[in-house]
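**Q** Before I ask anything, let me first share the structure, which is written out below as structure tokens.
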Amino acid sequence: MSTLSPLHHQNAENALVRERFSPPLVTIPTDVRVGSVPYLNAKPLTRCLASPVTLLEPSRLAADLRAGHLEAALVPLMEVLEAPAMMYRVVNGVAIGTRRTVYSVYLNYTGALGNIQTVALDPASKTSVELTRIVLEKFHRLKPRYVSPDQPADAQLLIGDPAILHRQANPDQKYLDLGEAWREQTQLPFVFAVWALRLPLWQSFWTAQKLRQAGRTGVANANFIAKSVFERKYLNEHLCYELGEPQKQAITKFASLLVELERLPRVPKLRFI
């Protein structure tokens with residue numbers, strides 16, 4: 001009689017299914033250099049790309065796209081909001097976001113939330129940094145001082161896979177989930193990252209179509225991409241990969257609040273393709 005747990009059997013079965021998982025791959029010409037983040041949340045959008053994908057942390061990825069080292073990248077939303085007008089086209093239909101608790105973008109804090117005076121910010125993603133400011137300053141009417149990650153603070157911003165690992169290892173600590181906080185105040189989803197293109201119009205149309213195709217195939221097969229029960233729940237329940245009208249309303253709301261905080265000079269008009 002087997003003494004293996006049901007979860008062990010499930011994980012073994014999942015591994016076998018993943019080995020057999022061979023979705024149709026989407027090829028983008030080699031002269032279109034593609035970049036993404038090295039996080040689990042991006043895998044449904046990139047798993048079905050046959051073309052090479054450069055993996056960089058969000059801030060470095062945005063810098064490389066703006067410098068012209070990449071032509072297409074899954075960048076933090078702030079990159080397209082702050083960029084000069086007409087620099088980017090944003091791929092319509094697919095993005096990385098959430099409709100509720102995102103789990104992997106949060107403030108880990110001690111004491112009472114209302115007593116937070118210092119916040120250590122993770123500079124890897126400007127979008128999460130600015131969302132932190134909105135949640136604390138606009139929603140909770142706090143005026144904390146922001147410090148670097150290596151300085152002691154009452155609260156710390158964590159994002160991505162390191163945030164997941166910390167939350168799993170320390171379930172009893174205090175967490176302010178930024179996706180959930182945004183939803184409670186605005187009744188809108190939130191968008192963390194979008195595909196941004198730096199290509200001629202004709203090439204942008206074709207590339208956007210291929211990125212949508214790859215993303216929708218990957219999202220439809222998220223259960224096969226996931227390597228564990230948690231990853232399956234994270235990709236299917238915590239994240240949202242749509243970029244439709246509710247998400248565009250959320251982008252406008254986010255930009256408007258940043259204008260009020262004097263973090264943006266104006267609400268930019270994005271070019272969706």
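Every number in this text was worked out from the coordinates using simple rules, so none of it is lab data. This structure is a prediction, so every number in the text was calculated from the model and none was measured. With ideal geometry, Cβ positions are generated from the backbone for all residues, glycine too; neighbour counts draw on all protein chains shown.
**Q** If the range 108-186 were replaced by its equivalent ellipsoid, with semi-axes equal to the square roots of 5 times the Cα gyration tensor eigenvalues, what would those be, largest first, whole Å?
**A** Semi-axis lengths for the range 108-186 are 17, 15, 14 Å.
**Q** Long-range amide H contacts for R271: which residues qualify at under 5 Å (H placed 1.01 Å from N, peptide plane, sequence gap of 5 or more or a different chain)?
**A** Those lying under 5 Å, H to H, from R271 are V90.
**Q** Let me ask you something else. Residue-wise, which Karplus ³J(HN,Hα) couplings in Hz belong to the range 24-32, taking 6.51 cos²θ - 1.76 cosθ + 1.60, θ = phi - 60°, and x for glycine or proline?
**A** x, 8, 9, 9, 10, x, 5, 7, 9
**Q** Across the range 263-273, in residue order, what do the Karplus-derived ³J(HN,Hα) couplings come to in whole Hz, using 6.51 cos²θ - 1.76 cosθ + 1.60 with θ = phi - 60° and x for Gly and Pro?
**A** With the stated coefficients, the range 263-273 comes to 9, 10, x, 6, 7, x, 9, 7, 9, 8, 9 Hz.
**Q** Okay, next question. For the chain, what is the convex hull (Cα atoms) projected area averaged across all directions, in square nanometres? Don't skip to the end; give the middle numbers.
**A** Details: hull surface 63.0 nm².
For the Cα atoms of the chain, the hull's average projected area reads 15.8 nm².
**Q** State, to one decimal in nm, how far the label point of A67 lies from the label point of D150, with both points 7 Å from Cα in the Cβ direction.
**A** Those two pseudo-labels are separated by 2.2 nm.
**Q** For the range 153-273, what class follows from the C-alpha gyration tensor (a ≥ b ≥ c being the square roots of its eigenvalues): rounded when a/c is under 1.5, otherwise prolate if a/b is larger than b/c, else oblate?
**A** Note, shape of the range 153-273 comes out oblate.
**Q** Let me ask something else. Could you tell me which of the pairs K143/K233; K126/K174; K227/K248; K210/K248; K227/K269 are separated by over 28 angstrom between their Cα atoms in the structure shown? Working shown, then result.
**A** Details: K143/K233 35 Å; K126/K174 23 Å; K227/K248 31 Å; K210/K248 21 Å; K227/K269 39 Å.
Going by Cα-Cα distance, K143/K233; K227/K248; K227/K269 fall outside the 28 Å limit.
**Q** How many nm is it between the label spots at D172 and R60, if each spot is 7 Å from the Cα in line with the beta carbon?
**A** Each label point is offset 7 Å from its Cα along the Cβ direction, giving 3.7 nm.
**Q** Just want to confirm a number: the relative contact order over the range 108-186, from Cα pairs under 8 angstrom separated by 6+ residues, in percent.
**A** 44 percent.
**Q** Residues with amide H under 5 Å of A193's amide H, sequence separation 5 or more or different chain, H placed in the peptide plane at 1.01 Å from N; which?
**A** Under 5 Å from the amide H of A193 lie the amide H atoms of L77, I96, each far enough along the sequence or on another chain.
**Q** Helices from the chain with mean Kyte-Doolittle at least -1.0 and a Cα length along the axis of 27 Å or more, per DSSP H: which?
**A** 201-220
**Q** Would you mind checking which residues have amide H under 5 Å from L55's amide H? H placed 1.01 Å from N; only 5 or more apart, or other chain.
**A** Close amide H contacts, sequence-distant or interchain: S36.
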